[in-house]
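> There's a structure below that I have some questions on.
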Amino acid sequence: WREYCLPFRAENAYPAGGASTGFHLGIQEQTVEIADFAVYAFGKNFDISRLSRTRIAYAGQAPDAPWRAAAQARIEQYRKGDLTVVVTGADGKPAVGATVNVSMTRHAFGWGSCVTVRNILREDADGEKYREVIARNFNRVVFENDLKWHSWDNPANHRHIMQAADWLRDRNIEIRGHCLIWPSWKNTPKDLQMLKDNPDALRQRINSHIASEVSAMRGRLVDWDVINEPYSNHDVMDILGNDEMIAWFKLARQCDPSVNLYLNDYAILSAGGMDVKHQNHFEKTLRFLKDGGAPINGLGMQSHFGGTPTPPERMLKILDRFAAIGLDISITEHDIDTDDEELQADFTRDFLTTIFSHPSVVACLTWGFWEKSHWRPKAAYYRADWSLKPAGQVWLDLVKKAWWTNASLQTGTDGVARTRGFLGDYAITITHGGATKTVPAKLTREGVKVAVNL
């Protein structure tokens, strides 16, 4: 037996017999006994922090957990490259003792969040702050609902979507497309179900939508989630067959030859990493698409977590399994829904470290960042008043500090300065003998040599 103490604040008053408690047992088949359940009331003005609380823990949470050293070694190996700067003077000879300032300007890895068109375009103090956070912290975003079928079917939305996309493009922020088809009746326009007895008309309605939206957004997106959550959303495939999924990918590729095409699903890394049926279905679908000639580039793992984090070593094994398929992996919808801010911060640190250390993962997008614009407000990095939560501080400390390279170097007698930095874009400023010059550079895993003549 284990005792659990869970303090909470009631939002409403209830008459005797008018309140209830639910126990959610997750996806594992199991038998659970519950005994001695009790609720204690302490009044309106009681300091809830005085109460004991059962802390959720996970394997690998300890600061000295063995997986951490291996993860840091992989980050050094896969996320950094050698940067060499060769400086010569006007006479063509090596510039000895030149100051070389190396400043990272953009990460190669996709760090970002879902955003909304409404908040990007709003003209008030919260809108200003919302745009400021995006521009300062993210290099990739995804529209939360604005590109979903229901929204796109309203032509009045298109102008605002394009305005928001232009604002992002002007700031060199990439956009994922989410999603072309979420293939169940509940997640598609109502008229689709009316066509279930007419497969040809159903197919034409879907293809017309895909062609219209992909063509309209052509050149504006880095990724498209072609299909979302086929494990539990398959009404359309039940009628048209699974081969139709391959046709959707081919149509999307035809309408935009350069965008990366994804299959996106949930509960692959989350749910304690124990939803084996879902994982098996995901792998089977991915291999079916790839073997069938679908032009698929990547797979999306949503990564919504509740109060039971998945141990890092288990996540790494899952990532290894899906990396073997040979596609890029994006973390597309990450968040941690809990009111335990210490646990949230710890797991944010460990989740980001885990996925950044895996060479097949190319991006991580949190599913929102502000409490007042978040489907799970407790999971946000910024509170309603824009104060930063501990988990948000962890994101900034890792993404913008620990995994960011700024260096001040000096050239040696050969006119060369060397460093090792995180992959991405750089501005390199050289000063020598009263002359200053700034040049751009892109650091890849293979390394880069930059030659500068002053």
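> Applying 1/(1 + (r/R0)^6) with R0 = 30 Å to the Cβ-Cβ distance of residue 34 and residue 235, what FRET efficiency is obtained, to the nearest 0.05?
Values: r = 36 Å, r/R0 = 1.21.
Efficiency, rounded to the nearest 0.05: 0.25.
> Rounded to the nearest 0.05, what FRET efficiency do residue 376 and residue 410 have when you use their Cβ-Cβ distance and R0 = 45 Å?
On the way: r = 49 Å, r/R0 = 1.09.
Calculated transfer efficiency: 0.35.
> Long-range amide H contacts for residue 98: which residues qualify at under 5 Å (H placed 1.01 Å from N, peptide plane, sequence gap of 5 or more or a different chain)?
HN-HN under 5 Å from residue 98: 411.
> Another question, if that's okay. Could you work out how much longer the chain between residue 419 and residue 9 gets when fully extended? Use 0.36 nm per residue separation minus the Cα distance between them, nm to one decimal.
Roughly 142.4 nm would be gained on extension.
> In the chain, what percent of the accessible surface is made up of carbon and sulfur (1.4 Å probe, ligands and nucleic acids excluded)?
Taking all protein chains in place, the chain shows 50 percent carbon and sulfur surface.
> With a 1.4 Å probe and every protein chain left in place, work out the accessible area per residue of segment 1-154 in Å², rounded to a whole number.
64 Å²
> How do 181, 239 stack up against each other in accessible area, from largest to smallest, with a 1.4 angstrom probe?
Putting 181, 239 in descending order of accessible area: 239, 181.
> Which aspartates and glutamates does residue 93 reach when only Cα atoms under 12 Å apart count, and residues fewer than 8 places away in its own chain are ignored?
Counting by Cα, and skipping residues close in sequence, residue 93 has these aspartates and glutamates nearby: 414.
> Residue 437 versus residue 44, label points 7 Å from Cα toward the beta carbon: distance in nm?
For the pair residue 437/residue 44, the computed spacing is 7.3 nm.
> Longest segment of the chain with no GluC sites (Glu not before Pro) in a DSSP loop having at most 15 other Cβ atoms within 10 Å?
124-445
> So, with +1 on the Cβ of K and R and -1 on the Cβ of D and E, and no other charges, what is the size of the charge dipole of segment 365-426 about its Cα centre, to the nearest 20 debye?
300 debye
> While we're on this one: Counting Lys and Arg as +1 and Asp and Glu as -1, what is the net charge of the other residues whose Cβ lies under 9 Å from the Cβ of residue 262?
Its environment carries a net charge of -2.
> While we're on this one: Would you calculate the separation in nanometres between label points at residue 19 and residue 276, each defined as 7 Å from the Cα along the Cα-to-beta-carbon direction?
For the pair residue 19/residue 276, the computed spacing is 4.0 nm.
> Determine ³J(HN,Hα), in whole Hz, for all residues of segment 6-14 in sequence, where each value follows from phi through the Karplus function 6.51 cos²θ - 1.76 cosθ + 1.60 and θ = phi - 60°; x replaces Gly and Pro.
Per-residue couplings from phi come out as 10, x, 8, 10, 6, 7, 9, 9, 10 Hz.
> Could you sort 217, 274, 194, 162 by their accessible area in this structure, using a 1.4 Å probe and putting the largest first?
From most exposed to least exposed: 194, 274, 162, 217.
> Leaving ligands and nucleic acids out of the surface, order 401, 250, 148 by accessible area at 1.4 Å, largest first. If you can, show how the numbers build up before the last one.
Details: 401 130, 250 105, 148 35 Å².
Largest accessible area first, the residues go 401, 250, 148.
> Okay, next question. Could you count how many Lys pairs in segment 192-326 have their Cα atoms under 25 Å apart, skipping same-chain pairs fewer than 8 positions apart? Mind dumping the intermediate values first?
Working: 196/250; 250/284; 250/290; 277/290; 277/317; 284/317; 290/317.
Lysine pair count for segment 192-326: 7.
> For the chain, just say rounded, prolate or oblate: build the C-alpha gyration tensor, square-root its eigenvalues into a ≥ b ≥ c, call rounded for a/c under 1.5, and beyond that prolate if a/b exceeds b/c, oblate if not.
Verdict is oblate for the chain.
> Say R0 is 51 Å: what FRET efficiency, to the nearest 0.05, do residue 154 and residue 99 get from their beta-carbon distance?
0.35
> Please report the accessible area of residue 437 (heavy atoms, 1.4 Å probe, ligands and nucleic acids excluded) in Å², nearest 10.
Accessible surface of residue 437 is approximately 90 Å².
The values are calculated or read from the model by the stated rules, or taken from the named source; none is laboratory data. On a predicted model such as this, the values are computed, not experimentally measured, just so you know. All Cβ positions, even for glycine, are placed from backbone atoms using ideal geometry, and neighbour counts span all protein chains on display. Please note that ligands, DNA and RNA were not included when accessible areas were found on the heavy atoms of the full protein model with its side chains. Shrake-Rupley method; radii C 1.70, N 1.55, O 1.52, S 1.80 Å.
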